[in-house]
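Colleague: This is the structure I have questions about; it appears just below.
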Amino acid sequence: SQELEQSPQSLIVQEGKNLTINCTSSKTLYGLYWYKQKYGEGLIFLMMLQKGGEEKSHEKITAKLDEKKQQSSLHITASQPSHAGIYLCGADVAYNAGNMLTFGGGTRLMVKP
Amino acid sequence: EAGVAQSPRYKIIEKRQSVAFWCNPISGHATLYWYQQILGQGPKLLIQFQNNGVVDDSQLPKDRFSAERLKGVDSTLKIQPAKLEDSAVYLCASSPRHLGETQYFGPGTRLLVL
């Protein structure tokens, strides 16, 4: 089965600083999703990456997919308190019945004002 | 467009009691998922529906968990009887038509079993 490992598990940064979260897969990545979760709430879809080398940006968040390394990274530029939360990567796993998402353990981000 | 709706948002029960969660997916979404998220972990898939049929329930503890989506729209997840280790957030998600499309999540139901 495919496993996703996220690093770091938790991160505290000063407002305005840049940061990177990594998601490493035990198998080839075919589709990689990034979600954000605030405490007590559901997952908010951020981005989906499908092709090796693909890079997508939304506001100050950029995600890249390195197919060879079986890894994706999420970079936040000039962090703000609103960026605080849990970031989860999820991988599309094909199996006999269809597709399912398997998730990493999450990275907890705190931004100090 | 309304998002995925779930109720209740919070539930506290004693072990061996029963509990049910409800989910209404985004209108027109054919695929519905139930996930369990234990504190400090990522969500884990319990069951997946395509319209009103079960696609996969291999991770569902069928001795105590059951789920249905009778009319291919809203769905209920039931636990009977609950155990302490069932304390978690139960997330419902839906995707438009085909398996593998982006999943959109509801706010979740936080269950505490005492």
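Colleague: Scan A:Tyr87, A:Tyr35, A:Tyr30 and give me the residue that is open to solvent by 50 Å² or more (accessible area, probe 1.4 Å) and within 30 Å of B:Asp57 (Cα to Cα). Reasoning before the result, please.
Modeller: Numbers: A:Tyr87 fails: open to solvent by 50 Å² or more (accessible area, probe 1.4 Å); A:Tyr35 fails: open to solvent by 50 Å² or more (accessible area, probe 1.4 Å).
Of the residues listed, the single one that is open to solvent by 50 Å² or more (accessible area, probe 1.4 Å) and within 30 Å of B:Asp57 (Cα to Cα) is A:Tyr30.
Colleague: Would you point out which residue out of A:Met100, A:Met47 is more than 15 Å from the chain's Cα centre (by Cα) and crowded, with 18+ Cβ neighbours inside 10 Å?
Modeller: Working: A:Met47 fails: more than 15 Å from the chain's Cα centre (by Cα).
So the residue among A:Met100, A:Met47 that is more than 15 Å from the chain's Cα centre (by Cα) and crowded, with 18+ Cβ neighbours inside 10 Å is A:Met100.
Colleague: Go through the range B:8-26 and give me each residue that's open to solvent by 90 Å² or more (accessible area, probe 1.4 Å) and either touching an Asp or Glu at 6+ places or on another chain (Cβ under 7 Å) or among the acidic types (Asp, Glu) (or both).
Modeller: B:Glu14, the sole residue that qualifies.
Colleague: Considering only residues of the range B:27-48 that are away from every other protein chain (no Cβ under 11 Å) and modelled with pLDDT under 95, which is most open to solvent (accessible area, probe 1.4 Å)?
Modeller: Only one residue tops the list, namely B:Ser27.
Colleague: Which one is modelled with the lowest pLDDT among residues in the range A:65-100 that are within 14 Å of chain B (Cβ to nearest Cβ) and closer than 14 Å to A:Met47 by Cα? If you could, list the steps in order and put the result at the bottom.
Modeller: Here is the first cut: in the range A:65-100, the residues within 14 Å of chain B (Cβ to nearest Cβ) are A:85-100.
Among the residues that remain, those that are also closer than 14 Å to A:Met47 by Cα are: A:87-92.
Values: A:Tyr87: 97, A:Leu88: 97, A:Cys89: 96, A:Gly90: 93, A:Ala91: 89, A:Asp92: 79.
Of everything passing the filter in the range A:65-100, A:Asp92 is modelled with the lowest pLDDT.
Colleague: Now for a different question. I'd like the residue in the range A:71-84 that is touching a residue at least 40 places away in the same chain (Cβ under 8 Å) and open to solvent by 50 Å² or more (accessible area, probe 1.4 Å) and, out of all such residues, is farthest from A:Arg108 (Cα to Cα).
Modeller: The selected residue is A:Gln71.
Colleague: Next question. Among the numbered criteria (1) within 14 Å of chain B (Cβ to nearest Cβ); (2) in contact (Cβ under 8 Å) with a residue 24 or more places away in the chain, which one does A:His58 miss?
Modeller: All conditions pass for A:His58, except number (2).
Colleague: I would also like to ask the following. Given the conditions (1) touching a strand residue (DSSP E or B) at 6+ places or on another chain (Cβ under 7 Å); (2) within 23 Å of A:Gly105 (Cβ to Cβ); (3) modelled with pLDDT of 90 or more; (4) within 13 Å of another protein chain (Cβ to nearest Cβ), which single one is not true for B:Gly100?
Modeller: That leaves (3) as the condition not met.
Colleague: For A:Gly53, are the conditions met, namely being more than 19 Å from B:Glu101 (Cα to Cα), out of contact with any strand residue (DSSP E or B) (no Cβ under 6 Å at 6 or more places or on another chain) and not polar (S, T, N, Q)? Before the answer, list the steps.
Modeller: Working: more than 19 Å from B:Glu101 (Cα to Cα): yes; out of contact with any strand residue (DSSP E or B) (no Cβ under 6 Å at 6 or more places or on another chain): yes; not polar (S, T, N, Q): yes.
In short, yes.
Colleague: Just checking, how many residues over the range B:57-106 are open to solvent by less than 80 Å² (accessible area, probe 1.4 Å), under 26 Å from A:Leu46 (Cα atoms) and not small (Gly, Ala, Ser)?
Modeller: The total comes to 12.
The values are calculated or read from the model by the stated rules, or taken from the named source; none is laboratory data. If you're wondering where the values come from, they're calculated on a predicted model, not measured in any experiment. Here Cβ is always computed from backbone atoms with ideal geometry, including for glycine, and neighbour counts include all displayed protein chains. Protein only, heavy atoms only, side chains kept; ligands, DNA and RNA dropped before computing areas. Shrake-Rupley method; radii C 1.70, N 1.55, O 1.52, S 1.80 Å.
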